[in-house]
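A quick write-up on the structure given underneath.
The values are calculated or read from the model by the stated rules, or taken from the named source; none is laboratory data. Just so you know, these numbers come straight off a predicted model, no measurement behind them. Here the Cβ is made from the backbone with ideal geometry for all residues, glycine too, and neighbour counts use every protein chain on show.
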Amino acid sequence: MNPITPSPNQAYNAPDPDFEAGRAAALVWFGQAFKSMGAYRDAARCALVRNIENESEAAAASCLFNEGFAKGIADAIAGVRHG
């Protein structure tokens, strides 16, 4: 396993701002109809990591964002509510 890539369970059990940003972006995507899921995810992830100069930190943030986005999509499809 890549050392900068946390397992999905690890990321969800210890909420990370990048993971939560991905999960929130997934919910926003469901409310719009202009971009495909992949295009929206990629644009939102790029906006998140744009100002991170350290390459390994940017890679870790990207991984967490993607995991959060996937979890957000799964939760939205399953009808899970977080409060």
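Pairs under 6 Å by beta carbon, first residue closer than 7 Å to Phe69 by Cα in the range 17-28, partner aliphatic (A, V, I, L, M) and buried (at least 18 other Cβ atoms within 10 Å of the Cβ), six or more apart or different chains?
Cβ pairs passing all conditions: Ala25/Ala44; Ala26/Ile73.
Going through the range 26-62 one residue at a time, which ones are surrounded by fewer than 13 Cβ atoms within 10 Å (Cβ to Cβ) and of a type in the set (Asp, Glu)?
Within the range 26-62, Glu53, Glu55 qualify.
Assuming Gly79 fulfils every condition listed in (1) at pLDDT 95 or above; (2) farther than 17 Å from Phe19 by Cα apart from one, which condition is it?
That leaves (1) as the condition not met.
Give me the pairs, please: first residue somewhere in the range 30-43 and more than 24 Å from Ala59 (Cα to Cα), second residue anywhere and outside any loop (DSSP other than H, G, I, E, B), beta-carbon distance under 6 Å, and either six or more positions apart or on two chains.
Note: pairs meeting the criteria are Phe30/Ala76.
For the range 1-18, which positions are assigned to a helix (DSSP H, G or I) and at pLDDT below 70? Walk me through it before giving the result.
Going through the range 1-18, the residues assigned to a helix (DSSP H, G or I) turn out to be 8-13, 17-18.
Once the filter is applied, which keeps residues that are assigned to a helix (DSSP H, G or I) and at pLDDT below 70, the range 1-18 yields Pro8, Asn9, Gln10, Ala11, Tyr12, Asn13.
I'm checking my understanding of the structure. Among residues of the range 19-65 that are among the polar types (S, T, N, Q) and in a loop (DSSP other than H, G, I, E, B), which one is farthest from Ala76 (Cα to Cα)? Before the answer, list the steps.
The initial filter retains those residues of the range 19-65 that are among the polar types (S, T, N, Q), namely 32, 36, 51, 54, 56, 62.
Imposing the further condition that a residue be in a loop (DSSP other than H, G, I, E, B) reduces the set to 32, 36, 51, 54.
Values: Gln32: 14, Ser36: 16, Asn51: 29, Asn54: 32 Å.
For the range 19-65, the residue satisfying everything is Asn54.
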